[in-house]
Amino acid sequence: MDVTLHLAQRPEADELLGRSPLAALVGMLLDQQVPMEWAFAGPYTIARRLGGDDLDAHEIAAYEPEAFAALLSEKPAVHRYPGSMAKRIQQLCQYLVEHYEGDAAKVWEGAESGAELFGRLKELPGFGAQKAQIFLALLGKQLGVRPKGWREAAGSYGEANSYRSVADITGPDSLTKVRAHKQEMKAAAKAAAGTTAKAAAKAATEGSKGSKSSKGAAKTSGE
């Protein structure tokens, strides 16, 4: 694995992501509740603070938890929630040590189908279905890992010529398109939530009116 990525938007951080499978996984793990560039610059920051030029799953897995959390919390912090993310990173590395001898690349090496690879990624601590599909799409679109059926397994994130996620970012222009897509999705979700809330309020109001009408009818009948 030796490619050029443009996720951290910092040459030295992107260089690490392009040659280190573990750095790429950790960056994907960090990519939540913070800007993408912040998340994917995290692996480089962690490596530098550990005194190396790459991440080592064995080292991180065995690191004293409070000390590792403190390392991620140093200014500038690696994440908005450095303590909780430090725990997740260690859980990920411990899983890799237990199941893949600490070699992150083995998660996708030997996977005979997109479905199998999706299953492996989904089992990683901190990786739900959506994150697994996005990383699967990144592997296929930019890292040359393309087992049979990988696009289908990645869902909409695997579509060609799309701008849905980090898997589609190859430079400033595509970054702008991906951000625009995410804003559209947020706006649509907000509108849908508003419509649902209004419908629920209307149903509750009508139900209340119906209840009052029933009580009135019952009272008249009783008289």
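Of everything in segment 136-154, what is under 19 Å from the mean Cα position of the chain (by Cα) and within 16 Å of residue 113 (Cβ to Cβ)? Give them in sequence order.
Residues of segment 136-154 that are under 19 Å from the mean Cα position of the chain (by Cα), as a first pass: 136-143, 145, 150-154.
Once the filter is applied, which keeps residues that are under 19 Å from the mean Cα position of the chain (by Cα) and within 16 Å of residue 113 (Cβ to Cβ), segment 136-154 yields 136, 137, 139, 140, 145, 150, 151, 152, 153, 154.
Kindly evaluate residue 76 against the criterion of being closer than 19 Å to residue 13 by Cβ and either surrounded by fewer than 21 Cβ atoms within 10 Å (Cβ to Cβ) or touching a Cys at 6+ places or on another chain (Cβ under 7 Å) (or both). So residue 76 passes the test.
Within segment 159-175, residues that are assigned by TED's automatic domain parsing to the domain that holds residue 149 sit with their Cβ atoms under 9 Å from residues that are of a type in the set (A, V, I, L, M, F, W, C) and surrounded by fewer than 18 Cβ atoms within 10 Å (Cβ to Cβ), at 6+ positions apart or across chains, in these pairs: 163/180; 164/185.
Return yes when residue 167 is among the aliphatic types (A, V, I, L, M), surrounded by fewer than 17 Cβ atoms within 10 Å (Cβ to Cβ) and out of contact with any Asp or Glu (no Cβ under 6 Å at 6 or more places or on another chain) and no when it is not. No. Looking only at segment 111-126, residues that are surrounded by fewer than 22 Cβ atoms within 10 Å (Cβ to Cβ) and under 12 Å from the mean Cα position of the chain (by Cα) come to 3 in all.
The rows are residues; the columns are (1) in a loop (DSSP other than H, G, I, E, B); (2) within 19 Å of residue 24 (Cα to Cα); (3) touching a strand residue (DSSP E or B) at 6+ places or on another chain (Cβ under 9 Å).
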position: 136; (1), (2), (3): no, yes, no
position: 139; (1), (2), (3): no, yes, no
position: 145; (1), (2), (3): yes, yes, no
position: 156; (1), (2), (3): no, no, no
position: 160; (1), (2), (3): yes, no, no
position: 173; (1), (2), (3): no, no, no
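Does residue 105 satisfy the criteria of being over 15 Å from the mean Cα position of the chain (by Cα), crowded, with 23+ Cβ neighbours inside 10 Å and not in a strand (DSSP E or B)? So residue 105 fails the test. Checked against (1) out of contact with any Pro (no Cβ under 7 Å at 6 or more places or on another chain); (2) in contact (Cβ under 8 Å) with a residue 60 or more places away in the chain, residue 1 passes all but condition (1).
When we screen 65, 82 for residues that are in the same structural domain as residue 132 (by TED's automatic domain parsing) and either closer than 24 Å to residue 164 by Cα or surrounded by 18 or more Cβ atoms within 10 Å (Cβ to Cβ) (or both), the only hit is 82. Where helices (runs of 4 or more DSSP H) fall entirely within segment 31-77, those with at least 1 residues that are in contact (Cβ under 8 Å) with a residue 24 or more places away in the chain, in contact with a helix residue (DSSP H, G or I) (Cβ under 7 Å, 6 or more places away or on another chain) and farther than 21 Å from residue 103 by Cα are at 36-49, 65-73.
The values are calculated or read from the model by the stated rules, or taken from the named source; none is laboratory data. Note that the structure is predicted; figures quoted are calculated from it, not measured. Because the Cβ atoms are built from the backbone with ideal geometry, glycine has one as well, and the counts that use them run over all protein chains shown.
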